[in-house]
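S.K.: Below you'll find the structure I mean.
Coordinate-derived values only; no laboratory data. None of the values given here were measured: they were computed from a predicted structure. Reconstructed Cβ throughout: ideal geometry from the backbone, glycine too, with neighbour counts over all protein chains shown.
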Amino acid sequence: MKIHVVLTLEDGTTYRGDADLAPASSTSDSRIRHAKPATNSKAAADVPDFSLPVRAFVNRYAKPLSGPRKYAILVARLCVGNVGHSISPREVERQWRSMTEPMGGDYNGAYATRAKNEGWIDSPDRKSTVLLKDWVNALEGR
């Protein structure tokens, strides 16, 4: 019996392979093929392109998402994906207000609070917003 197996690990790496199955009483395993990493892994396809201009980045990755997800993704772009990097909340708000169409409307300060509640960003003080490693989970709503 021939089967096709797709295995996705927690880190997003995908393995695919084909195998011929034999009855359990058979000792021959010469027909078993080893799985190889897939060339079109979803994890590789979902790595954001931080070289895009801010507006294009938002259009590609954040446009259909909720406000808190958009906020986290905008912070990620402004920090160029550098976890632990700090940026001014005023700069985030300024960028948001300059792109009301792709951002889906007016800026709402509650988006930052909700993104912080999700663990995507942190604001150790009023003058800084820090990108956290879990910001990538904001992309999952796409």
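Listed here are the residues, each with its yes/no results for (1) out of contact with any Gly (no Cβ under 8 Å at 6 or more places or on another chain); (2) among the hydrophobic types (A, V, I, L, M, F, W, C); (3) touching a residue at least 60 places away in the same chain (Cβ under 8 Å); (4) surrounded by 20 or more Cβ atoms within 10 Å (Cβ to Cβ).
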| site | (1), (2), (3), (4) |
| --- | --- |
| 64 | no, no, yes, no |
| 71 | yes, no, no, yes |
| 81 | yes, no, no, no |
| 85 | yes, no, no, no |
| 91 | yes, no, no, no |
| 100 | yes, no, no, no |
| 106 | yes, no, no, no |
| 115 | yes, yes, no, yes |
| 133 | yes, no, no, no |
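S.K.: Can you go through 122, 106, 134 and tell me which one is of a type outside the set (Gly, Ala, Ser), more than 14 Å from residue 58 (Cα to Cα) and in contact with a Lys or Arg (Cβ under 7 Å, 6 or more places away or on another chain)?
M.R.: Exactly one of 122, 106, 134 is of a type outside the set (Gly, Ala, Ser), more than 14 Å from residue 58 (Cα to Cα) and in contact with a Lys or Arg (Cβ under 7 Å, 6 or more places away or on another chain), namely 122.
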